[in-house]
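Comments concern the structure below.
The values are calculated or read from the model by the stated rules, or taken from the named source; none is laboratory data. This one's a predicted model, so the numbers in the text were calculated from it and none came from an experiment. Please note: Cβ atoms are built from the backbone with ideal geometry, for glycine as well, and neighbour counts cover all protein chains shown. The protein model used for the area step is the full one, side chains on, heavy atoms only, and it has no ligands, DNA or RNA in it. Shrake-Rupley method; radii C 1.70, N 1.55, O 1.52, S 1.80 Å.
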Amino acid sequence: MPWYFYLLEFLAGALLANCVPHLVHGISGAPFQSPFAKPPGRGESSPVVNVQWGAANLLGGLLLLHFFWPTNEAGWSFFGVGAVFLALQLAKHFGKVRAGKHS
């Protein structure tokens with residue numbers, strides 16, 4: 001399997017992890033940080049923007065999985081590491097933002 005398949009499987013995991021907080025906050029009607037807020041990643045976007053951003057991440061992750069489906073344990077490992085890596089980064093970032101300690 002070419003090396004870039006693993007990179008794209010990692011990215012698929014990251015995109016699917018990133019879709020969760022945006023979709024959850026958007027669907028529940030709560031504003032949440034997004035890259036489209038001012039300032040990006042710190043300000044809050046409307047629930048509609050978050051649903052759109054979450055859906056874009058979901059679509060991107062699913063498209064990557066469709067075309068680069070992990071066929072071995074290494075591929076699934078890269079997918080899982082991508083999801084967990086981004087989840088941890090988001091938790092650190094949003095924890096600081098919500099505590100008022102901008103990074």
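Taken over the stretch 60-76, the criterion of being farther than 14 Å from Ala14 by Cβ and in a helix (DSSP H, G or I) is satisfied by His66, Phe67, Glu73, Ala74, Gly75, Trp76. None of Gly95, Gly82, Gly41 is crowded, with 20+ Cβ neighbours inside 10 Å and either part of a helix (DSSP H, G or I) or modelled with pLDDT under 95 (or both) except Gly82.
For the criterion of being open to solvent by less than 80 Å² (accessible area, probe 1.4 Å), under 27 Å from Tyr4 (Cβ atoms) and either of a type outside the set (Ser, Thr, Tyr) or out of contact with any His (no Cβ under 9 Å at 6 or more places or on another chain) (or both), Trp69 fails. The numbered conditions (1) among the small types (Gly, Ala, Ser); (2) modelled with pLDDT under 95; (3) open to solvent by 30 Å² or more (accessible area, probe 1.4 Å) are all true for Ala55 except (2).
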